[in-house]
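What follows is one structure encoded as structure tokens, with my remarks underneath.
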Amino acid sequence: MRRLAAAAAVVVAGALTLTGCGGADGSGSGDGTAELSVESAYMPQPVSDMAAGFLTITNDGGTADRLTSVSSDAAGQVTVHETVDGAMQEVEGLEIPAHGSLVLESGGNHLMFERLKQRPKQGQSVSVELHFDRSGTVTVEIPVKPATYHPKTGH
Ligand SMILES: [Cu+2]
């Protein structure tokens, strides 16, 4: 997981460079940027041509960002879902608050992969592009876990 977070951070840093923001002092001052990292990503091994994806996006920056869309070469479509009263529904996007995090977890918000081109197996990973309002595109390798996998924080 640490490797995933580091990879995401590198991509985000590259995107910020394009906007000319160079501050990396980490002193906690509001600096007008979002500093995203992604961790705890996994996909339960799919049992059909649909799959869910879960991850946590942490924002160490002083400005909120927004996950606006998701894409992956592995699926015909990837959408962002929330769960309300046990039923899932698509959302336009989800905010990652300044100095906060956005959690996508089983039973809550999640990524929905539809029309998988092949069913990834446990031990493989799926490359996913997360598109953000401010931070541009962050590519994450989501590892495939057993279909019944729950992270230690689940339930
Ligand atoms: Cu869903």
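A compact table of results
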read-out	value
Tabulated pairs, the stretch 83-97, first closer than 13 Å to M112 by Cβ, second within 12 Å of the ligand (Cβ to nearest atom) and of a type in the set (G, A, S), C-beta under 7 angstrom, 6+ apart or interchain	T83/G107; T83/G108
Selection count where residues are more than 16 Å from the ligand (Cβ to nearest atom) and either at pLDDT below 95 or of a type outside the set (A, V, I, L, M, F, W, C) (or both), scope the stretch 105-155	30
So S72, is it surrounded by fewer than 12 Cβ atoms within 10 Å (Cβ to Cβ), at pLDDT 95 or above and closer than 23 Å to E141 by Cβ	no
Residues of the stretch 52-73 satisfying the condition of being away from the ligand (no atom under 16 Å from the Cβ), touching a Leu at 6+ places or on another chain (Cβ under 8 Å) and touching a residue at least 40 places away in the same chain (Cβ under 8 Å)	T56, I57, T58, N59, D65, R66
Unique match (being touching a strand residue (DSSP E or B) at 6+ places or on another chain (Cβ under 7 Å) and assigned to a loop (DSSP other than H, G, I, E, B)) among S106, S127, S101, S69	S106
Selection status of L36, buried (at least 19 other Cβ atoms within 10 Å of the Cβ) and farther than 19 Å from R134 by Cα	no
Near pairs, Cβ below 6 angstrom, 6+ apart or cross-chain, from the stretch 118-140 (in contact (Cβ under 8 Å) with a residue 60 or more places away in the chain) to any residue that is small (G, A, S) and surrounded by 23 or more Cβ atoms within 10 Å (Cβ to Cβ)	R134/A34; S135/A34; V138/A8; V140/A8; V140/A41
Top-ranked residue in the stretch 83-98 [being part of a loop (DSSP other than H, G, I, E, B) and under 26 Å from E35 (Cα atoms); ranked as farthest from the ligand (Cβ to nearest atom)]	A98
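Rundown of residues vs (1) under 12 Å from the mean Cα position of the chain (by Cα); (2) surrounded by 14 or more Cβ atoms within 10 Å (Cβ to Cβ), yes/no style:
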{"position": "Y42", "(1), (2)": "yes, yes"}
{"position": "T79", "(1), (2)": "yes, yes"}
{"position": "Q89", "(1), (2)": "no, no"}
{"position": "M112", "(1), (2)": "yes, yes"}
{"position": "S135", "(1), (2)": "no, yes"}
{"position": "T139", "(1), (2)": "yes, yes"}
{"position": "A147", "(1), (2)": "no, no"}
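The values are calculated or read from the model by the stated rules, or taken from the named source; none is laboratory data. This one's a predicted model, so the numbers in the text were calculated from it and none came from an experiment. Positions of Cβ are backbone-derived with ideal geometry, glycine not excepted, and every protein chain shown enters the neighbour counts.
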